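Handing you a structure now.
Every number here is computed from the coordinates shown, using simple stated rules; none is lab data. Remember, predicted model here, so these are calculated numbers, not experimental data. Neighbour counts run over all protein chains shown; Cβ positions are idealised from the backbone, glycine included.
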Amino acid sequence: MSSIEAVRRLPLPSFSDWLFAALIAWLFIAGSGWSTLLADGDTGWHIRTGEYILDNRRLPEEDLFSFSCAGERWYAWEWLADVAFAACYRQLGLKGVVLLAGTVIALYLTVLFRHMLWSGANAFIALAVCLLCAGASGIHFLARPHIFTLLLLAVSLWLLERDARNPGRAVWILAPLAALWANLHAGFPALLACIGLHIAGSAVEAFRDTRSLRAVWFRVRRRMALLAACAAATLANPYGIGLHLHIAGYLQSSWIREAVDEFQSPRFRSESALHFEILLFAGILIVPWLVRNRRTGDALMVLFWSHAALVSVRHVPVYAVAAGPVIAAAAGRAWVRWVRSKSRASIAGTLDAIAADLTPGFRRNTLWPAALVAALVFLEAPLRWPQDFPEAKFPTGLIGRQDSKLAGARVFTSDEWGDYLIYRFHPHQKVFIDGRSDFYGPEIGKLYLRIAYGDPEWRSALARYSFTYVLAPPQWPLVSLLRRDPAWRLVEEDRTAVLFERAEAPSS
């Protein structure tokens, strides 16, 4: 075979490949670019934790980053994701971190889209619902370990639905997948919850139709075995059952629910919230249809995750993953019923014909997405790869100008900026607090808030921990107090931050 013939036989990119490329371009190349993935400071300490693991070939056992909790036991629960971010950072800097995150997010949406097609939606409907899911879950498009939960949950729910239609061995891949998941991110209970909801749905269906009782109970027993296998597999992590106990304590903490923004209810005042609202109403509207069509498990899953998303905005992306394919499948069936009453020459008939022609081209993927990612590794301009965290959210310029003062000093600052100081100056920098709210707990967390809001004890608290600098957003009440306090002098301020230095030694 000649080389020309071999080239001709290489598979051409599929429509799904083009979708992957379009998602990369739309989400991360156009608009604000790749830097949006660094809008959360937690990325900083995840990178440094991964570097510690790579350098020492072991997991940390004590806190690496703070002086307020020095020597206390700390667990790197998401150690494998930390290692992945650190490895990419060492090879390509922040470019590697955002490229990894962007690839995982685009892959998650591509899998979600393919699941919708497989569920019966045509290409137009699947694309519309997929873009709504992208918009709704965009609040968590960040270079943090939770992106792996989005991808793994999308894969898992597709495997579960395939097995519900045609039981086979493939579904047991979920057990090793759950083990991998438990080492990447603590979102793996979402898989166990979805399996449990489908078990409950099958049990309800058994009582509704006793004629198929034997078949339904066989499915229930099979899913219970799958749930047990996946739950057991999640114990294959460095902390065993301790990881599960930590997650339970984290989710039940009233302090976390009150103080962490991700645990607050969504605010319906943004484009992302509008996308979620559309998906939410669509999911609730199809619940009766799901029940009538003996898809009680899907109905329970839509209701469960819609409630979870309304209670905590961190569950909005999970709702999008769980409800998106179900909504697309229902919309696809409604479209088929509606278009039957239209002539082939009508607009609806023409769109249906176009969708029928396009849909097969979306039902396969090739290696072209991998080739695209490989090309991005070597491509620099004009893609605006980040050299630092976004200046609009972090005082990167001020810290750069004052690094000789701040590096290694005791700085009182926000938890997010504490994350950035860890990234910028570790291992020389120790912070009072950072984004690990589960580690610091209510005692340090509430003290941090009292100081920031100018509680009467702010002077004694700053003296107690021997802070020499305060780096704060201009809108903090503490800033107004420091401007009038002779014990502190203004060093520099810009639109993002104000830096104060203690003018006299703190009293003992």
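Could you derive backbone 3J(HN,Hα) for region 366-379 from the dihedral phi with the Karplus parameters 6.51, -1.76 and 1.60 (θ = phi - 60°), listing whole Hz in sequence and x where the residue is Gly or Pro?
Ordered by residue, 3J(HN,Hα) equals 10, 8, 5, x, 5, 5, 4, 5, 4, 5, 5, 4, 9, 8 Hz.
Taking Cα centroids, how far is region 95-170 from region 353-399 in Å?
After rounding, the separation between the Cα centres reads 16 Å.
Within 10 Å of each candidate Cβ there may be at most 13 other Cβ atoms; applying that plus a DSSP loop requirement, which GluC sites (Glu not before Pro) in region 397-491 survive?
Here the sparse-neighbourhood loop sites are 457.
In addition: If you keep only loop residues by DSSP, which chymotrypsin sites (Phe, Trp or Tyr not before Pro) in region 267-316 have at most 13 other Cβ atoms within 10 Å of their Cβ?
Sites meeting the loop and neighbour criteria: 268.
Now, a different point. Karplus couplings for region 151-168 from phi (6.51 cos²θ - 1.76 cosθ + 1.60, θ = phi - 60°), rounded to Hz, Gly and Pro as x?
5, 5, 5, 4, 5, 5, 5, 5, 4, 5, 5, 4, 5, 5, 7, 9, x, x
A further question follows. Taking amide H positions as placed 1.01 Å from N in the peptide plane, with prolines and chain starts having none, which residues 5 or more places from residue 66, or on another chain, fall under 5 Å of its amide H?
Close amide H contacts, sequence-distant or interchain: 431.
What's the magnitude of the charge dipole for the chain around its Cα centre, counting Lys and Arg as +1 and Asp and Glu as -1 at the beta-carbon? Answer in Debye, nearest 20.
Around 2140 debye, computed over the chain.
If I model a spin label as a point 7 Å beyond the Cα along the Cα-Cβ vector, how far apart are those points for residue 374 and residue 73 in nm?
With each label placed 7 Å out from Cα toward Cβ, I get 4.6 nm.
Still on this structure, please answer the following. Considering only DSSP beta bridges whose two residues both sit in the chain, what percent are antiparallel, to the nearest 5?
70 percent
Let me ask something additional. Run lengths n ≥ 4 of DSSP H only: what is the helix-derived mean residue ellipticity at 222 nm for the chain, with -39500 (n - 2.57) per run over all residues, to the nearest 500?
-19500 deg cm²/dmol
Among 121-132, 376-387, 353-364, 424-435, what's the highest-first ranking by average C-beta atoms within 10 angstrom per residue?
The most tightly packed comes first, giving 121-132, 424-435, 353-364, 376-387.
Might you report the magnitude of the Cβ-based charge dipole of region 355-508 about its Cα centre, with Lys and Arg at +1 and Asp and Glu at -1, to the nearest 20 debye?
About 120 debye.
Pull up all non-local amide H partners of residue 39: gap of 5 or more, or a different chain, and H-to-H distance under 5 Å with H placed in the peptide plane.
Long-range HN contacts for residue 39: 143.
How much length would be gained if the chain were fully extended between residue 254 and residue 281, taking 0.36 nm per residue of separation minus their Cα-Cα distance, in nm to one decimal?
Computed gain between residue 254 and residue 281 is 6.8 nm.
Rounded to the nearest 0.05, what FRET efficiency do residue 484 and residue 450 give with R0 = 22 Å and r taken as the Cβ-Cβ distance? Could you check?
The formula returns an efficiency of 0.75 here.
Here's a follow-up. Restrict the search to region 234-304; then list the trypsin sites (Lys or Arg not before Pro) that DSSP places in a loop and that have at most 11 other Cβ atoms within 10 Å of their Cβ.
Filter output for region 234-304: 267, 269.
Please work out how much length the chain gains when fully extended from residue 12 to residue 466, using 0.36 nm per residue of separation minus the C-alpha to C-alpha distance, in nm with one decimal.
This chain segment gains 157.1 nm when fully extended.
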